[in-house]
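Read the structure below first, then the notes.
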Amino acid sequence: MNFYGAKELAESFRTVRKNTLKIAEEIGEEHYGFQATPDTRTIAQTLVHIANICKLQEKVHQIDHLSSLATFDFMGFMGPIIADEHKPRTKAEIVTLLKEGGDRYSMWLESLSDEFLGESVEYPAGMIPPSKSRFEMILGAKEHEMHHRGQLMLLQRMVGGVPHLTRDMMARMASRMAGSSTSMR
């Protein structure tokens, strides 16, 4: 029995995207061109990369319903997506991309059956593991976003901000400390 299905997958993705959107909204547009080093993405490019993260999963599982990636042209597919990160956009346009893409992807996730999520997709020869379930591959989009959101949180600190998740944790800790100090009196 699978206790983590399409509904839970969609809800967890929505939570991750909500936190990414909060960071995107909190960082000032004047900082969207900031990059930690010359060979890394800017804040804007990282956000567009996150907005595009789901497109590979949509192509493989929703559009083409592939059962094997042996002949899938990764660079042919990813090249235009990578190029899209360099297209000039306003903060509002990037936030809209994140919202619309996240809504579309999470609605699709909710529609998936356990049978579909359990299907196996073969990887190209020589890859380890040789295959993964659709569930594991689709979950990878959320994990990929969380990886880049961690980068954004560091970038947010580098431009003088404090990530909302950190502020929330600090407020909870302060509240607990205040509660324990009053109970000691």
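Only the coordinates and a few stated rules stand behind these numbers; no lab work does. Values in this document were obtained by computation on a predicted structure and should not be read as measured data. For neighbour counting, all protein chains shown are included, and Cβ atoms are generated from backbone atoms with ideal geometry for every residue, glycine included.
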How large is ³J(HN,Hα) for each residue in the stretch 21-31, as worked out from phi by the Karplus curve 6.51 cos²θ - 1.76 cosθ + 1.60 (θ = phi - 60°), to whole Hz, x for Gly and Pro? 4, 4, 5, 4, 6, 6, 6, x, 4, 5, 9
The rounded separation in angstrom of the Cα centers of the stretch 87-108 and the stretch 1-76 is 10
Using amide H atoms built 1.01 Å from N in the peptide plane, name the residues 5+ places from PHE34, or on other chains, whose amide H lies under 5 Å from its own. ILE43, ALA44
Once you've got the GNM for the chain with C-alpha springs shorter than 10 Å, pick whichever of LYS142, LYS91, LYS132 has the biggest mean-square fluctuation. LYS132
FRET efficiency for ARG104 and LEU154, using Cβ-Cβ distance with R0 set to 22 Å, rounded to 0.05: 0.20
When the chain is treated as a GNM, springs tying every alpha-carbon pair under 10 Å, which of LEU66, LEU109, LEU152 comes out with the largest mean-square fluctuation? LEU66
Once phi is turned into θ = phi - 60°, what whole-Hz ³J(HN,Hα) does the Karplus curve with 6.51, -1.76 and 1.60 give for every residue of the stretch 143-150, x standing for Gly and Pro? 4, 4, 5, 4, 4, 6, 5, x
Burial ranking of peptide ranges 55-61, 166-172 (average Cβ count within 10 Å, highest at the top): 55-61, 166-172
Across 5 Å bins from 0, what is the distribution of all Cα-Cα pair distances for the stretch 6-183, in whole percents? 1, 7, 15, 17, 16, 14, 11, 8, 5, 2, 1, 1, 0, 0
Mind checking the dipole of the stretch 6-183: about its Cα centre, +1 per Lys or Arg Cβ, -1 per Asp or Glu Cβ, Debye to the nearest 20? 680
Tell me, what is the percent relative contact order of the stretch 1-103, built from C-alpha pairs under 8 Å that lie six or more residues apart? 40
Skipping prolines and chain starts, which residues have an amide H placed within reach, meaning under 5 Å, of the one on SER131, given they are 5 or more residues away or on another chain? TYR123
Among ALA44, ALA70, ALA174, which one shows the biggest mean-square fluctuation in a GNM of the chain, springs joining Cα atoms closer than 10 Å? ALA174
Could you tell me the relative contact order of the stretch 6-183? Use alpha-carbon pairs under 8 Å, at least six residues apart, and round to a whole percent. 33
